[in-house]
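Visitor: Encoded as structure tokens, here's the structure I'll be asking about.
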Amino acid sequence: MLISRRAVLAGTAAIAAGPVKGAFAQTKTIPLTISSSHPLTIPWVEPLKTVIVEQSNRKLEAMGSPNRIEWTEAFGGSLYGFNDTLESVTQQLTDMGWIGALWEPSALPLQNIMYSTPFATSTVRQAVDVMNELNQKNAAMKAEWDRQNIVFFGCCVSDGYHLFTKKPIESLADLKGLKILGAPVCAPWIEPLGATLVGTGLPAQYSQLQTGVGDGSILIATGAYPLKIHEVAPYVTLVDTGPLTFGGFGVNKDTFEGLPDDVKTVLTELGYAYSAENARLIEEKQKAALEKMEAEGAKLHKMPQDQRVAWVKAMPDLGKIWVEGNEAKGVPAREIMKAFMAAVKAHGGEPLRDWSENV
């Protein structure tokens, strides 16, 4: 259950002002809260501060605007946990923030398409360009955010997933019987190999590996290194399931509609800049993260290509399952799946499996 941000941050001037409710036609100082369940060390959270917060007032000043934003920053789960990133923006617990679509398969099915299309994309730029293009141009994608009372500006992207385990994984058969921590949407990836997916969020995984809740994690390197996952799961199998998007930066619709036009313009521009900076950080940090892990004692092993192919072939027809399940709920998933796979190929992708083949 969500509690009010007044209760969480009582006593601060920003909270006394409360979230944005009406027009600011004559207001020069605009209190806004920006939040994330994850810390600033994570590449899709850092740009919330370095792009949205730090550049917004500079842009307003350069435009000659009399308006300035007074930011309240609530990063690292200080306002809500990873399970509430969507609801917190929808209900205006925060004015804006990072939204983890991967924990919202029912509310944001179209945003989760990449979890039903593993091993499709090749680069982070390709992944973010494909999904930003669909979110900008496709009416069904836009409507999905609108139903959540959110104005969405830019996707977040990660490097591909790898395996972090307590024992070495020399073949796919070594995964049989293991408890693997990860986002629930990863269950159809890992369970055909005989492992069990234990659904959890990134911030909890270190302690869960320590206490035996899991035998390993399916995780991205740029998310794993800042939280030192390799200290408790030192065997790193470099799988690379393909970079993928899993949510992004969104603003509560009531907040956004109550802002002056120049502030709307700045947030819109910076929303797209957030997405680009996230992609840049991933490109920069993923190689460094793996190098640092190895230097700190992790044992890295690249999964052979034939095993990657065998893994993707072992998966059920995730594209067909995703389409049929969502079409039954009135979601135009068939149209989106075909558009997605076509866009991946148009952007230079070479999927190991065409997930639109049987839809």
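Visitor: Quick check on the range 67-81. Is at least one of its residues at pLDDT below 95 and among the hydrophobic types (A, V, I, L, M, F, W, C)?
Guide: The answer is no, given that none of the residues of the range 67-81 is at pLDDT below 95 and among the hydrophobic types (A, V, I, L, M, F, W, C).
Visitor: Still on this structure, I have one more. Is there any pair linking a residue in the range 283-303 that is farther than 13 Å from Gly223 by Cβ to one that is open to solvent by 80 Å² or more (accessible area, probe 1.4 Å) and modelled with pLDDT of 95 or more, with Cβ under 7 Å and at least six apart or on different chains, and which?
Guide: Leu300/Glu294
Visitor: How many of the residues in the range 122-156 are modelled with pLDDT under 95, within 30 Å of Gly297 (Cα to Cα) and not in a helix (DSSP H, G or I)?
Guide: 2
Visitor: A follow-up question, please. Looking at (1) polar (S, T, N, Q); (2) in contact with a helix residue (DSSP H, G or I) (Cβ under 7 Å, 6 or more places away or on another chain); (3) surrounded by fewer than 19 Cβ atoms within 10 Å (Cβ to Cβ), find the lone condition where Thr222 falls short.
Guide: (3)
Visitor: Check the range 291-310 and report whether any residue there is within 29 Å of Leu110 (Cβ to Cβ), surrounded by 14 or more Cβ atoms within 10 Å (Cβ to Cβ) and of a type outside the set (Val, Ile, Thr).
Guide: Yes: one or more hits.
Visitor: I've got another one for you. State all residues of the range 329-359 that are touching a residue at least 24 places away in the same chain (Cβ under 8 Å), over 15 Å from Tyr115 (Cα atoms) and of a type in the set (A, V, I, L, M); if no residue qualifies, say none.
Guide: Hits for the range 329-359 are Val331, Ala339, Ala343, Val359.
Visitor: Still on this structure, I have one more. Could you pull out the residue among Phe119, Phe164 that is open to solvent by less than 10 Å² (accessible area, probe 1.4 Å), in a loop (DSSP other than H, G, I, E, B), under 30 Å from Val239 (Cα atoms) and touching a residue at least 60 places away in the same chain (Cβ under 8 Å)?
Guide: Within the list Phe119, Phe164, the selection yields Phe119.
One line per residue, one yes/no per condition, for (1) of a type in the set (Asp, Glu); (2) in a strand (DSSP E or B):
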residue	(1), (2)
Val236	no, yes
Thr245	no, yes
Gly250	no, yes
Glu269	yes, no
Leu281	no, no
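Visitor: Can you report the number of residues in the range 168-207 which are more than 21 Å from the chain's Cα centre (by Cα) and farther than 21 Å from Ala310 by Cα?
Guide: Total satisfying the criteria: 1.
Visitor: So which residues in the range 147-187 are more than 29 Å from Val51 (Cα to Cα) and small (Gly, Ala, Ser), if there are any at all?
Guide: Hits for the range 147-187 are Ser171, Ala173, Gly177, Ala187.
Visitor: If you take the residues of the range 311-345 that are more than 23 Å from the chain's Cα centre (by Cα), part of a helix (DSSP H, G or I) and among the hydrophobic types (A, V, I, L, M, F, W, C), which of them is surrounded by the fewest Cβ atoms within 10 Å (Cβ to Cβ)?
Guide: Taking the candidates together, the pick is Ala314.
Visitor: Could you look through the range 46-58, keep only residues that are of a type in the set (Val, Ile, Thr) and surrounded by fewer than 21 Cβ atoms within 10 Å (Cβ to Cβ), and pick out the one that is farthest from Thr222 (Cα to Cα)?
Guide: Val53
Visitor: Name the single residue that is farthest from Glu170 (Cα to Cα) among those in the range 197-207 being open to solvent by less than 40 Å² (accessible area, probe 1.4 Å), out of contact with any strand residue (DSSP E or B) (no Cβ under 6 Å at 6 or more places or on another chain) and part of a helix (DSSP H, G or I).
Guide: Per the stated criteria, the residue is Ala204.
The values are calculated or read from the model by the stated rules, or taken from the named source; none is laboratory data. Just so it is clear, the model here is predicted, and its values are computed rather than measured. Positions of Cβ are generated from backbone atoms using ideal geometry, with glycine treated the same way; all protein chains shown enter the neighbour counts. We work out accessible area using only protein heavy atoms, side chains counted, and drop any ligands, DNA or RNA first. Shrake-Rupley method; radii C 1.70, N 1.55, O 1.52, S 1.80 Å.
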